[in-house]
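The values are calculated or read from the model by the stated rules, or taken from the named source; none is laboratory data. Since the structure is predicted, the reported quantities are computational estimates derived from the model, not experimental observations. Backbone-built Cβ (ideal geometry, glycine too); neighbour counts: all protein chains shown. These accessible areas exclude ligands, DNA and RNA; they are computed on the full protein's heavy atoms, side chains included. Shrake-Rupley method; radii C 1.70, N 1.55, O 1.52, S 1.80 Å.
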Amino acid sequence: MPSVPVVLKMIGITKEFYGNPVLKNVNLDVKQGEIHGLVGENGAGKTTLMNILFGMPVIQETGGFSGRIVFDGKEFLPREPRQAMAAGIGMVHQEFMLIPGFSVTENIKLNREITKENFLSRMFSRKLETLDMTTMAAHSRKAIDALAFEGIDEWAPVAGMPVGHKQFVEIAREIDKENVKLLVFDEPTAVLTESEAAILLDALKRLARRGIGILFISHRLDEVLAICDRVTVLRDGEIVAEKKAGETTVIELAERMVGRKVGGLRVPDRVKLPETGEDVLVVEDLAVNMPGERVRGVSFTVKRGEILGIGGLAGHGKLGIANGIMGLQPASGSVRFLGREISLNDPVSALRAGLAFVSEDRRNIGLLLDEALEDNLALTAMQVHGRFLRRVGPFTVRDPGSIRRYALETIKEFDIRTTGPRQIVRRLSGGNQQKVCIARAISLEPKLLLVSEPTRGIDVGAKQKVLEILHRLNREKGLTIIMTSSELVELRRICHRIIIMYGGIIAGILPPDASDAEFGLTMSGERSAERSGEHETTR
Amino acid sequence: MKVWRKIRESLTSSPIPLVFGILCLFGVVVSGKSWSFLLQEVVTRLARNWILVLSLLVPVSAGLGLNFSMVLGAMAAQTGIIVMTHLKVPGILGFLGAFIVSFPIAVVLGFVAGNIMNKAKGREMIAGMMLGFFMNGVYQLVFLFMVGTVIPMKNPDLMLPQGFGLRNTVELKYMKYALDNLLNVSLSGLVIPLATFALIGLVCLGLNRLYKTKLGQDFRAVGQDMHVASVAGIDVNKTRLLAVVIATVLASLGQLVFLQNIGTLNTYNSHEQVATFAIASLLLGGATVTRATVGQALAGTFLFHLLFIVSPYAGQSLMGSPQVGEYFRVFVAYGIIAAALVVHAWEAHRRALSAAKRGLPEGETDRAG
Amino acid sequence: MRRLVERVGVPRLLVGLFLLILFALAGLQRLPVKMLISSALVRIGMNGVLVLAMLPSIRAGLGLNFGLPLGVISGIVGMLVSLELRLSGLAGFFFALLVGVLLSLPAGYVYGLLLNRVKGEEMMVGTYMGFSLVAGMCMFWLLAPFKNPEMIWVVGGKGLRVTIPISHRFGGVLDNLGKFSIGGVEVPAGLLLFFAFLCVLVYLFSFTRTGMAMKAAGMNPAFARASGVNVEKMRILGATLSTVLGAVGIAVYAQSLGFVQLYLAPLMMAFPAVAAVLLGGASTSRATVFNAVAGVTLFQTLLTISLPVTQSVIGGDISEVAKLIISNGMILYALTRKEA
């Protein structure tokens, strides 16, 4: 369709965060009336690309970007979201941008209220104009009707509405904007029931027919293929494929999403596991209410000396598992370690049983940022096992000698780059902070180590080092490890088995050498747990 | 009448006004005071205090909580009164003049307070309270030491014999009852200051209209969710600032009405308890830290002052000591504020907990209130 | 130079400079500087424990303890009991301490339970809880069944007096204990030693396993929980310790003052203590014993010396106003700091 005008053209977009390239020469265009799918793993750069398009302040704060944006035929360089909105770009957010105490109408018309002049407003400010609720409601009704979604009353308060309805209110707000030319949907069906999702997809097609360009971001590949005209696959900040929807398949997209050259980093040898390993950890029907990473009931076992990987896309519950086992997030089910039941929702129980945890949230849960390195290292073992203490008269106080000795050993062993054991950990680099977190967990002398996102936000050299440390602990000390990571390639390098989570349940347990397509399909929920169960038995 | 319907509504919707209503009734009975005496006292006090209480509404709607910094408005008003008393401007002219003088001061102080609260998001109330205490020091510095030294002024009626600093009490001989006596009627012995009530009515009307404007809508949006409001393009900080400025100006008007009725200015104390009593009044009407209506402000002030009047008499007849009653009303004022704060924080805490249990993303729950 | 300013901090530098100027003025005006220093020493020891009471609260993550009147009231009741029993001297003082501490333990515990339910609003709730307690206790003072005529109104005989003189009971017992004089400066050794002793206790406590756990709970509750610390328990402990120190603090304060002050006197007691610890360099989330000592020294010296100096220089007492501006300004500054 060469005659159809292009609404959005992003040309050669490149963006770095603190020297880490997250987008490399990305080109993307959306035509009028086209639904353009954008798929990719977490961290592939979708969010950053959208932040650039919307002029989110975070982009300018981190040094801007290079490349050009042409919107509606004009050069476009948004510096704040307001400009993007004014230009005619609408965004339906993943998390709802609704005010619960307001009615549907008030939300749809938020900051775009229709007002009437009055005596005071003429004297002072337009801000004092009276709201014209009747007209506002009429507009809202029209926008809701355009979506052909029954059951939303324009006068009803948003609080207490089903999530699906809230989603439609969001969309109604975007299409009520008169000049809207491009709508961005960020995983709009993630919170919807199947029938609601079907209505939404229908509505999208109808909007497209009105000539609005739509950028559709989703993990559900079948959905993408069903409604999109074209699909772009983003991987590691690069566009790896741009296909017409009719000319590709779910399997191809999945492969493109996760596949990547394994290279650059050295692959250590995996320790061979004995065929009949003892199950040290038995998890049954674990459900975890972790906000945004909900686990809806998983059962699995971990063998002695194994590195078990847990992977999956963001929001599908992979991070919930370790947090649930460690008692840090509300959980139910049963976790047995070495035959003993661990009481859930009680971190002390898990720690005393010999489990140790390196949290994915390094800066908030992993560290006391304003404390010295050596105190960070010692604190947990001091609280849990009473290590690093000595008696002074009636007091049991911290023992500076043993803490210092342990800190110096650790700095050497883990190669932590620091000015000394008294340095504040806030001043360490991300990689060195991560080493401190791991060393702190090791100070507990754990029998099972849970590590979540060990390489997130650290540079390549440090990544290698952290993986080596984990590998060495496993190989030399026989430490059993559960490693949760968004970096599939890393899981495949050091794990013996990899659990893939989808929608809060186990979508499959794959061997590290399963094909890219298999990983891709399992991660995007295209493959049911039963089918991938084969891998378990054939191993 | 709309007002009465609202009073009735707030009485039934919240147990606090009901409980204190009963307590007041009990106090009235044991005080042994005549109805006509109590009625006159209550009418006088309502006229005196209502605007001060009403000034609290806008910040509550804009999510700033109870505006403990309203003492700044009171200080602005007192400055205006001092200037007019010094210039010996009598009656309603003096009142208007005082308002004209205090208005820009209130705007500036409101601007300062608003900026400080924007810097202390999430702890606006304690910051507002501390700002009130701090400005009290500045106020004393100005009127106790700078007047007559840095600020040239000579007026032995107002000033201390040492030549600088204002007297502790200033008789407002020119402005006493300036507004109250403008127009009042006497109904079988009950004197009702109509002009004052007309001004109060005007403020109520203005507040109600404000909530129906774009600005009012912005206040509510910012008050409920700053993040969503800012994503929608509303300038959150400016909106909050405006709310505090409006509140400070209204508070200064309220303090002017208050002082013209009292007739004496306790130069260094008149403003100190303003916030405590006004806030306690509002809360007795069933308002909360996040929700307050004109009806609650009116009803709460009525209850608070009825309680205020009868407490010493009730203390006298129950315990044989009027002082017990006096301390009781102070206790009620502080206690009701403490209770409201506890309920507010407790509910936020519970919401967060139950949301965590349901596994909702945190943002969802923050907005649920 | 800039690094020095950063290390010492702008507020301390300003106040320090101001102090120097005041001392210079005092010298120029031929004021009895030595006597001023003596009385500053008394006021430091007298207020020190109340300032120290801020530490457990800040450390445990409860912020500045505006609910200090809770401890103060406990301490006052302790002293009243001691007075009612007509105890005197050190015995009277320590008996008052004992009763005060025993009362403050459950009070602080309940206060901690309350604060655990109002997370994020601890300071505001603490302030008004303190205010209402003080107002509520006013009724108690009027009706309390104390019989000792030293304590109740001479005329009428109903209710406790507003100020109860204790100089013949245990007033000054710490001040005069081992008091000595160096070059004309009187040093209240007993008082300062008692304060120092409590400082050492608090300091040592911060290095114990519990002390470290409390600090972790205050700085980062999520981290503490993941390290096996019971955060709620630590917060309750922090509130309790702070309340206990408040009770001890008021007893020390009263014995120096020579009076027990009742009714509305404890109402604003928390604010100078809060201001002092902030002036010493603490924030709403971090505080050390050094902060408390430095803060109370600066603040009380300033208050002691500003009164006579301003009186002799400008002929009016500006010290009360200075106290208001400095203490409340300091608290306001701490509340609006981003880091806090």
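Taking region C:191-204 as the range and being open to solvent by 50 Å² or more (accessible area, probe 1.4 Å) and touching a helix residue (DSSP H, G or I) at 6+ places or on another chain (Cβ under 6 Å) as the test, only C:Tyr203 passes.
Quick one: how many residues across region C:205-225 are open to solvent by 20 Å² or more (accessible area, probe 1.4 Å) and part of a helix (DSSP H, G or I)? The total comes to 8. Checked against (1) more than 26 Å from the chain's Cα centre (by Cα); (2) outside any loop (DSSP other than H, G, I, E, B); (3) within 23 Å of A:Ile212 (Cα to Cα), A:Lys127 meets all criteria but (3).
Take region A:360-375 and flag every residue that is touching a residue at least 60 places away in the same chain (Cβ under 8 Å) and open to solvent by less than 10 Å² (accessible area, probe 1.4 Å). Those that are touching a residue at least 60 places away in the same chain (Cβ under 8 Å) and open to solvent by less than 10 Å² (accessible area, probe 1.4 Å): A:Gly366, A:Leu367, A:Leu373.
The residues in region C:92-113 that are surrounded by fewer than 21 Cβ atoms within 10 Å (Cβ to Cβ) and either facing chain B (nearest Cβ under 8 Å) or free of Cβ contacts under 8 Å to residues at least 60 places away in the same chain (or both) can be counted, and the count is 6. Restricting to region B:330-366, name every residue that is at pLDDT below 55, among the small types (Gly, Ala, Ser) and surrounded by fewer than 20 Cβ atoms within 10 Å (Cβ to Cβ). Answer for region B:330-366, where residues must be at pLDDT below 55, among the small types (Gly, Ala, Ser) and surrounded by fewer than 20 Cβ atoms within 10 Å (Cβ to Cβ): just B:Gly363. Regarding A:Glu178, is this residue within 29 Å of A:Gln32 (Cβ to Cβ), in the same structural domain as A:Phe96 (by TED's automatic domain parsing) and open to solvent by less than 60 Å² (accessible area, probe 1.4 Å)? Criteria not met by A:Glu178.
With respect to the conditions (1) open to solvent by less than 20 Å² (accessible area, probe 1.4 Å); (2) within 22 Å of A:Ile212 (Cβ to Cβ), A:Gly64 falls short on a single one, namely (2).
Screening B:Ala247 with (1) facing another protein chain (nearest Cβ under 10 Å); (2) closer than 20 Å to B:Ala76 by Cα gives one miss only, at (1). When each of A:Glu34, A:Glu41, A:Glu75 is tested for being over 30 Å from A:Asp222 (Cβ atoms) and either at pLDDT 90 or above or of a type in the set (Asp, Glu) (or both), the lone residue that passes is A:Glu75. With a requirement of 1 or more residues that are touching a Leu at 6+ places or on another chain (Cβ under 7 Å), buried (at least 22 other Cβ atoms within 10 Å of the Cβ) and modelled with pLDDT under 90, the helices (runs of 4 or more DSSP H) lying completely within region B:201-289 that satisfy it span B:226-231, B:274-284.
Return yes when A:Arg209 is among the charged types (D, E, K, R) and either touching a Pro at 6+ places or on another chain (Cβ under 7 Å) or surrounded by 22 or more Cβ atoms within 10 Å (Cβ to Cβ) (or both) and no when it is not. So A:Arg209 does not fit the description; no.
Among the residues examined, B:Leu199 qualifies as within 17 Å of B:Asn49 (Cβ to Cβ) and out of contact with any Asp or Glu (no Cβ under 8 Å at 6 or more places or on another chain). Give all pairs with beta carbons closer than 6 Å in which a residue from region C:221-246 that is in contact (Cβ under 8 Å) with a residue 12 or more places away in the chain meets a residue that is among the basic types (Lys, Arg) and open to solvent by 10 Å² or more (accessible area, probe 1.4 Å); count only pairs at least 6 apart in sequence or on separate chains. That search, which allows pairs on different chains as well, returns C:Val231/C:Arg225.
Residue selection: A:Ala372 fails the criterion of being within 21 Å of A:Ile342 (Cβ to Cβ) and of a type in the set (A, V, I, L, M).
At least 3 residues being more than 13 Å from chain B (Cβ to nearest Cβ) is the threshold, and among the helices (runs of 4 or more DSSP H) wholly inside region A:7-120 those reaching it are A:46-54, A:57-61.
If you take the residues of region A:516-539 that are touching a helix residue (DSSP H, G or I) at 6+ places or on another chain (Cβ under 8 Å) and farther than 16 Å from A:Val39 by Cβ, which of them is modelled with the lowest pLDDT?
At the first step, the residues of region A:516-539 found to be touching a helix residue (DSSP H, G or I) at 6+ places or on another chain (Cβ under 8 Å) are A:516-524, A:526-527, A:532.
Applying the additional criterion that residues be farther than 16 Å from A:Val39 by Cβ yields A:518, A:527, A:532.
Working: A:Glu518: 86, A:Arg527: 63, A:Ser532: 39.
Per the criteria, the residue is A:Ser532.
So, in region B:125-163, of the ones that are of a type in the set (Val, Ile, Thr) and more than 17 Å from the chain's Cα centre (by Cα), which residue ends up surrounded by the most Cβ atoms within 10 Å (Cβ to Cβ)? I'd like the intermediate steps shown before the answer.
We begin by selecting, within region B:125-163, every residue of a type in the set (Val, Ile, Thr); these are B:126, B:138, B:142, B:147, B:149-151.
If we keep only those that are more than 17 Å from the chain's Cα centre (by Cα) too, we end up with B:138, B:142, B:147, B:149-151.
On the way: B:Val138: 16, B:Val142: 17, B:Val147: 21, B:Thr149: 13, B:Val150: 11, B:Ile151: 11.
This residue is B:Val147.
The listed residues are A:Gly339, A:Gly333, and the only one of them that is open to solvent by 30 Å² or more (accessible area, probe 1.4 Å) and more than 30 Å from the chain's Cα centre (by Cα) turns out to be A:Gly339. For region A:55-70, the condition holds for no residue, the condition being that it is out of contact with any Phe, Trp or Tyr (no Cβ under 9 Å at 6 or more places or on another chain) and among the basic types (Lys, Arg). State which residue is nearest to A:Gly508 (Cα to Cα) when the search covers only region A:301-321 and only residues that are open to solvent by 10 Å² or more (accessible area, probe 1.4 Å) and more than 14 Å from chain B (Cβ to nearest Cβ). Residue satisfying both the conditions and the ranking: A:Thr301.
Within region B:286-309, can one find any residue that is out of contact with any Gly (no Cβ under 8 Å at 6 or more places or on another chain), within 14 Å of another protein chain (Cβ to nearest Cβ) and farther than 27 Å from A:Leu98 by Cα? Yes, the conditions are met somewhere in region B:286-309. Checking A:Phe124 against (1) within 11 Å of chain B (Cβ to nearest Cβ); (2) hydrophobic (A, V, I, L, M, F, W, C); (3) touching a residue at least 60 places away in the same chain (Cβ under 8 Å): exactly one of these is not met. Which one? Only one criterion in (1) within 11 Å of chain B (Cβ to nearest Cβ); (2) hydrophobic (A, V, I, L, M, F, W, C); (3) touching a residue at least 60 places away in the same chain (Cβ under 8 Å) is unmet by A:Phe124, namely (3).
Please verify whether region C:70-79 includes one or more residues that are open to solvent by less than 40 Å² (accessible area, probe 1.4 Å) and touching a strand residue (DSSP E or B) at 6+ places or on another chain (Cβ under 8 Å).
Here is the first cut: in region C:70-79, the ones open to solvent by less than 40 Å² (accessible area, probe 1.4 Å) are C:70-79.
Still in the running and touching a strand residue (DSSP E or B) at 6+ places or on another chain (Cβ under 8 Å): C:76, C:79.
Looking through region C:70-79, at least one residue is open to solvent by less than 40 Å² (accessible area, probe 1.4 Å) and touching a strand residue (DSSP E or B) at 6+ places or on another chain (Cβ under 8 Å).
Consider region B:290-299 and keep the residues that are in a loop (DSSP other than H, G, I, E, B) and of a type in the set (S, T, N, Q). The one that is least open to solvent (accessible area, probe 1.4 Å) is B:Thr293. Looking at region C:285-340, which of its residues are within 12 Å of chain B (Cβ to nearest Cβ), open to solvent by less than 30 Å² (accessible area, probe 1.4 Å), of a type in the set (Gly, Ala, Ser) and farther than 22 Å from C:Asn65 by Cβ? Selection gives C:Gly316, C:Ser319, C:Ala322.
For region B:151-170, which positions are polar (S, T, N, Q) and either in contact (Cβ under 8 Å) with a residue 12 or more places away in the chain or on the phi > 0 side of the Ramachandran plot (or both)?
Quick first cut of region B:151-170, residues polar (S, T, N, Q) only: B:155, B:162, B:168-169.
Passing the criteria: B:Asn155, B:Asn168, B:Thr169.
In region C:267-281, what residues are away from chain B (no Cβ under 11 Å), of a type in the set (A, V, I, L, M, F, W, C) and open to solvent by 10 Å² or more (accessible area, probe 1.4 Å)? Once the filter is applied, which keeps residues that are away from chain B (no Cβ under 11 Å), of a type in the set (A, V, I, L, M, F, W, C) and open to solvent by 10 Å² or more (accessible area, probe 1.4 Å), region C:267-281 yields only C:Met269.
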